[in-house]
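One structure is given below, encoded as structure tokens.
The values are calculated or read from the model by the stated rules, or taken from the named source; none is laboratory data. What you see is a predicted model; the values in this text were computed from it and never measured. Every residue, glycine as well, gets a Cβ built from its backbone with ideal geometry; the counts of neighbours run over all protein chains shown.
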Amino acid sequence: MKTAWLCFCALLLAALSTFARADSKAEIDQLEKDFNAAYAANDLDKYFGYYAADAILWFPEGRTDVPSYRKMWTAYIQGGAQLQSATLSDYHVKFGPQGDAAVVSYVLRVKTLEADKKVTDEVFQETDVWFKAGGNWKLVQVHYSPAPPAGHK
């Protein structure tokens, strides 16, 4: 009887964990959708609101922090550049065992109208690391680098 009760409790905890993970997956999927939509819409306040204040960012130019990135990106957009689109593909999510950390990787195609009116069409690989604290998810690390040419292995 005791063994049956322990098995029941274990199954119940596993089921609850699965439901919690499904909720977290839906939350992360929505956050990534909104985060990238804010980026594509050049909505700087909303976009930077997803980052933890102490996030670490790895870009093609090297490592930076949120205040430096915000200053650079704001100047870039205010200087006349505009993102026209940011489209995700090859999207994957992995959660930490406690459910309070998520790693999201994807390919991001970015079309930009530069200040000189030149249009760029670039493809990047991105990994976003989210931590949940106080009931809120925040981006704590981003790695953003050019994707290799198609067909490259």
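Miscellaneous remarks
- Of everything in segment 77-135 that is closer than 25 Å to A53 by Cα and charged (D, E, K, R), the residue that is nearest to the chain's Cα centre (by Cα) is D128.
- Applying the set (1) at positive phi; (2) at pLDDT below 95 to G62 leaves exactly one unmet item: (2).
- Hey, S145 modelled with pLDDT of 95 or more, farther than 18 Å from S24 by Cα and surrounded by fewer than 16 Cβ atoms within 10 Å (Cβ to Cβ) or not: yes
- Restricting segment 42-92 to residues that are in a strand (DSSP E or B) and among the acidic types (D, E), the residue that is surrounded by the most Cβ atoms within 10 Å (Cβ to Cβ): D65
- Matching entry among K71, K46 (being of a type in the set (K, R), at pLDDT 95 or above and closer than 17 Å to L139 by Cβ): K46
- Top-ranked residue in segment 19-41 [being among the polar types (S, T, N, Q) and crowded, with 16+ Cβ neighbours inside 10 Å; ranked as modelled with the highest pLDDT]: N36
- Given (1) free of Cβ contacts under 8 Å to residues at least 60 places away in the same chain; (2) farther than 17 Å from P60 by Cβ; (3) part of a strand (DSSP E or B), number of the condition T127 does not satisfy: (2)
- Looking only at segment 115-132, and only at residues there that are out of contact with any Lys or Arg (no Cβ under 6 Å at 6 or more places or on another chain) and among the acidic types (D, E), the one that is surrounded by the fewest Cβ atoms within 10 Å (Cβ to Cβ): D116
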